[in-house]
Amino acid sequence: HPEQWAAIYAAAPGEQCTHLQSLPVRDLNPQPLGYKSDSLSQWMSVTQSTETQRLNSPFNLIIHNLIINPFIHENYCIMTAVTLHDCKRCEVWDLGTNFFIREEDVHSQKKRVEAVHSRVAELNPYVQVSVASDVLDENTDLSFLKRYQCVVLTETKLSLQKRIDYFCHSQQPPIKFIGCDVFGICSRVFCDFGEVFEVSDPTGEEPKELFIQNISQGNPGVVTCMDSRTHGLQTGQSVCFKEINGMSELNGTTHQVTVLSPYSFAIGDTLSFQPYAHAGIFRLVKMPKIFSFETMEQQLSDPRLLTPDFSKPEAPLQLHTIMLALDAFLEQHARLPNIGCLQDAELLLKFTEEISRTLKNKVCINQELVRSVSCCARGCLSPLAAAVGGIASQEVLKALTGKFSPLQQWFYLDAIEVIQPLQSLPAEEFAPRGDRYDALRACIGESLCLKLHKFQVFMVGCGAIGCEMLKNMALMGVGLSRCSGEICITDPDLIEKSNLNRQFLFRPQHIRKPKSTTAAAASLEINPELQIDAHLNKVCPATEDMYSDAFFSRLNLVVTALDNVEARRYVDSRSVSNQKALLDSGTMGTKGHTEITVPYLTESYNSHRDPPEEEIPFCTLKSFPAVIEHTIQWARDKFESAFSHKPSIYNMFWQSHSSAQEVLQVRIILHTMEGSFQVIKLLSQRPTQWNHCLALARLKFDKYFKKKALQLLHSFPLDTRLKDGSLKITKCVYFYQHIETDETVKKPDQLKMTVSSEEERQAISQLQEAINSSFVTPERLRMTSLFFEKDDDSNGHIDFIASASALRAHMYAIEAADRLQTKRIAGKIIPAIATSTAAVAGLVSLELIKVAGSYGFELFKNCFFNLAIPVMVLTETAPVKRTQIRDDISFSIWDRWTIFGHEDFTLSDFMNAVKEEYGIEPTMVVHGVKMLYVPVMPGHNKRLKLTMHRLIKPSAGRKYVDLTVSFAPEVDGDEDLPSPPVRYYFSRESESGETA
């Protein structure tokens, strides 16, 4: 399983780095399923099986010099062989940048590569991981690199990077080269995959199959999509056709398209073809694309740069210049600029100006930026290392698989906003103190480190992103026990085998154990100073007594690591109502996003809504499937009905009725009994021997795959047309011609189907027969209800769905899906890959630092990226909107009005208090779904004299309620004016001991 592309255990700047020795290659093809396929199901959903097989073929990877490397190493453990290289020994400093290094490694003065080796190797038993610590310098013979397909260098002198890159570039075929560096708040990735690098799938997007409405006879012929569906094509792309009736010459052919509109495109001359009749599908054909790379030496003066933040488009070239100046400083002085040293900052500025004159494109030097980079260049922001490590790791996968567009050729990511408010602090703030936080302290200072140590964080979810967030928080020292800080985490789920490919705090021995407690224990191994409180609860309305307003009141931050929208919306609503910052992130395959919510500054997650997912119409599932997703969903529904829903009903019925004899007596007297017919039918059909199971399966086969087809064709003959003239059934349902069943097969007596009009009478006789034959026993009045489990290949669940789906697909002339695709669709597996998980967690953790520092609105950043293309877009957060009530009265989602009452406080007193306190008189008061006061409602005016206690009837211990209040519009006929929530305290003393 791809552990997150392990952090980069880089050797210290200035250290000579050792070379990596080759590693015996191990072919994984003999075991295509089992542990590996189970744990890689979501990864394989991203790469598709072809690219995964390419990774399983002999590949050697060498990683040199380990600080970004922990984040790269864990991601690399999907290769066949990985060699790790580093010559430096473990130091206290490493404990804040490398989550694979432990305190005992520092005390024993282990080499870093030796300390991390076993922890990287355990991530995937199918990958051979070796270590090397030989000297790698300007005099080393590089011929040993010919054994490798990819070389990754981190924290390496620029002169050595250029030499190794030139060697790799000149080989045939070229050795893929990736360089990666982090200097304080700046990072970079460089890629060189040779002069000719072919990519099989530049985007990774699943090609859509769309139905055809019409194809004209002409030159060119015009294809129109059915139901005004947008085709999403671009001119120059190619599509292939199938299942066209009439213009059958197009079937199986590929044509280049010219886009005419979002719904139509031209394909060339169709005059000589038969007229189009009906039906047909087209699909985008992905064509290979060639990418060309230059050497690092060629790229230094005229770099090809990716721009992640369009609010500062000059930043990539500025950072390119500054980081080259850092390389020059390191070459000349054998060290990086000292922390907070003004003289070194001026010297770096001089180097920057000299290098800028060598660039083809002139760059405006930002002197303050240069000085800021100089002051913290020795430090390391571990979240920045995590983000850039994930990005670099994705480039390694591209290099080895040929899938997705590679980075061309430089990518710079900075955290300048993190240090902008800190520039006026004295140099002593950033000085090292000899502990694990020195690398972080060099960037953000001691005061902000202490705020992180004291932070109270609530994280919901301990899956892939949750594990990465915990690792980042452990390295930064968020929530330390000695500082009265705490990280509270909760997740009700247990660890599954498929989690192991991207949730790197878990190991095979943890399967079926709780995620939250296991993640907490693993995080304490990284940083024993943490204070972690692990829960096994959902965060939902049912647990509001536990996660009450009083619980939220002591928090500094809420972090969501969830996999569904509804849970996010609920946690967001609780964060907003309690005025707490929220960090949200998510991934889908190579795509990722981060969203930052800050009280009184930004909008919240609930401020915008994604379009609802399209649901498959019931009639489509039942009778008119058109694509493989329809048949897989149909098979999944049959599984749930036969093996889960019906057994559950069966068990509930017999739990409510003591015996079959009692049920029989009631049926004889009343001739009916709620729920009994289906239960008796199940009882009479219940197999007692294996041959009964086979007979019942044969009957089901005949029912679903022959009789249903005949019935459908009887109701809707193939020439049935809709009002618009199109055919009702666009695909043949001739399955019964292909497979005929033996009608002479005799079914056991227990399996008789009750399908006549005398169902009630037959149910009584069947139950009587079962009782008389001693068929009814306590054991037969219970069934085992199965719950769909996609990750256990031995339970037959996916096998059933794959078989049933394939049969139904054959019945409707739909191309069947393989087992992996069936598993992905039926199990609703969201494509996931560790590289994007590492990147989003790193980016979110950078925003966590800003929240701790109470930064201004303009310094926070949301992000969207797609590592497959690759593209990254950093944007400012959306500012909070204010709703105007009157000219001088407005509110936002973060505002809350407060009214204090007492035991005799009436509804009239409440309304007067709102008017006196906020300058506007309420016209309606609502508590939840209960209307306390609406003037037009009969009897509501009498309520004005009633006490708030009597109207609300609070439960024991309830200190306050949140009420919805509205006001009369200024113009008659307009809608009532809204207000923020009004929190009413039943007494003034309640405020100190809030309980929702």
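The values are calculated or read from the model by the stated rules, or taken from the named source; none is laboratory data. Small disclaimer: the values here were computed from a predicted structure and weren't measured. Counting neighbours? That spans all protein chains shown, and the Cβs are built from the backbone with ideal geometry, glycine included. The area values use the complete protein model at the heavy-atom level, side chains included, leaving out ligands, DNA and RNA. Shrake-Rupley method; radii C 1.70, N 1.55, O 1.52, S 1.80 Å.
One residue stands out in region 339-356 among those that are open to solvent by 80 Å² or more (accessible area, probe 1.4 Å) and more than 18 Å from LEU319 (Cβ to Cβ): the one that is modelled with the lowest pLDDT, namely LEU342. For region 126-145, a residue qualifies if it is part of a helix (DSSP H, G or I), surrounded by fewer than 21 Cβ atoms within 10 Å (Cβ to Cβ) and touching a helix residue (DSSP H, G or I) at 6+ places or on another chain (Cβ under 9 Å), and the qualifying residues are LEU142, SER143. Is it the case that some residue within region 462-485 is at pLDDT 95 or above, at negative phi, aliphatic (A, V, I, L, M) and part of a loop (DSSP other than H, G, I, E, B)? Among the residues of region 462-485, at least one is at pLDDT 95 or above, at negative phi, aliphatic (A, V, I, L, M) and part of a loop (DSSP other than H, G, I, E, B), which makes the answer yes. In this structure, PRO528 does satisfy being touching a residue at least 60 places away in the same chain (Cβ under 8 Å) and not charged (D, E, K, R). Do the conditions hold for VAL934, that is, is it surrounded by fewer than 17 Cβ atoms within 10 Å (Cβ to Cβ) and touching a Phe, Trp or Tyr at 6+ places or on another chain (Cβ under 6 Å)? In short, no. Within region 512-528, being touching a strand residue (DSSP E or B) at 6+ places or on another chain (Cβ under 9 Å) and surrounded by fewer than 18 Cβ atoms within 10 Å (Cβ to Cβ) holds for ARG512, LYS513, THR517, ALA521, LEU524. Name every residue in region 324-338 that is in a loop (DSSP other than H, G, I, E, B) and surrounded by 19 or more Cβ atoms within 10 Å (Cβ to Cβ), in order of residue number. Selection gives LEU336, PRO337.
Residue under question is THR877, and the condition is that it be of a type in the set (S, T, N, Q), open to solvent by less than 40 Å² (accessible area, probe 1.4 Å) and within 30 Å of VAL851 (Cβ to Cβ); does it hold? For THR877, the condition - of a type in the set (S, T, N, Q), open to solvent by less than 40 Å² (accessible area, probe 1.4 Å) and within 30 Å of VAL851 (Cβ to Cβ) - is met.
Here ARG502 does not qualify as more than 18 Å from the chain's Cα centre (by Cα) and not small (Gly, Ala, Ser).
Of all residues in region 357-373, those that are surrounded by 14 or more Cβ atoms within 10 Å (Cβ to Cβ) and touching a residue at least 40 places away in the same chain (Cβ under 8 Å) total 8.
Note on region 835-860: residues that are in contact with a strand residue (DSSP E or B) (Cβ under 8 Å, 6 or more places away or on another chain) and open to solvent by 20 Å² or more (accessible area, probe 1.4 Å) total 3. Within region 213-253, the only residue that satisfies the criterion of being among the polar types (S, T, N, Q), surrounded by 14 or more Cβ atoms within 10 Å (Cβ to Cβ) and assigned to a helix (DSSP H, G or I) is SER248.
Among the residues of region 823-874, write down those that are part of a loop (DSSP other than H, G, I, E, B) and of a type in the set (Ser, Thr, Tyr). Result: SER854, TYR855. Kindly provide the set of residues from region 201-212 that are within 27 Å of the chain's Cα centre (by Cα) and open to solvent by less than 10 Å² (accessible area, probe 1.4 Å), ordered by number. Passing the criteria: none in range.
If only residues of region 92-114 that are in contact with a Lys or Arg (Cβ under 7 Å, 6 or more places away or on another chain) and part of a helix (DSSP H, G or I) are counted, the one that is most open to solvent (accessible area, probe 1.4 Å) is VAL92. Filtered by the rule that a residue be over 15 Å from the mean Cα position of the chain (by Cα) and free of Cβ contacts under 8 Å to residues at least 24 places away in the same chain, region 819-857 gives ARG819, SER854. VAL189 meets all of the listed conditions (1) within 30 Å of LYS157 (Cβ to Cβ); (2) assigned to a loop (DSSP other than H, G, I, E, B) but one, namely (2).
For region 875-895, the set of residues classified as in a loop (DSSP other than H, G, I, E, B) and small (Gly, Ala, Ser) consists of ALA878, SER892, listed by residue number.
Checked across region 924-931, the condition of being touching a helix residue (DSSP H, G or I) at 6+ places or on another chain (Cβ under 8 Å), open to solvent by less than 40 Å² (accessible area, probe 1.4 Å), part of a strand (DSSP E or B) and in the same structural domain as ASP887 (by the TED database) holds for at least one residue. Restricting attention to region 669-690 and to residues that are outside any helix (DSSP H, G or I) and not hydroxyl-bearing (Ser, Thr, Tyr), the residue that is modelled with the highest pLDDT turns out to be GLN689. Applying the condition of being at pLDDT 95 or above, surrounded by fewer than 19 Cβ atoms within 10 Å (Cβ to Cβ) and not hydrophobic (A, V, I, L, M, F, W, C) to region 175-200 and asking which residue is farthest from the chain's Cα centre (by Cα) yields GLU195. All of PHE800, PHE787 fail the test of being more than 22 Å from LYS708 (Cα to Cα), under 30 Å from the mean Cα position of the chain (by Cα) and in contact (Cβ under 8 Å) with a residue 60 or more places away in the chain, apart from PHE787.
Scanning region 753-812 for residues that are part of a helix (DSSP H, G or I), at pLDDT 80 or above and either more than 19 Å from LYS700 (Cβ to Cβ) or of a type in the set (Asp, Glu) (or both) yields a total of 1.
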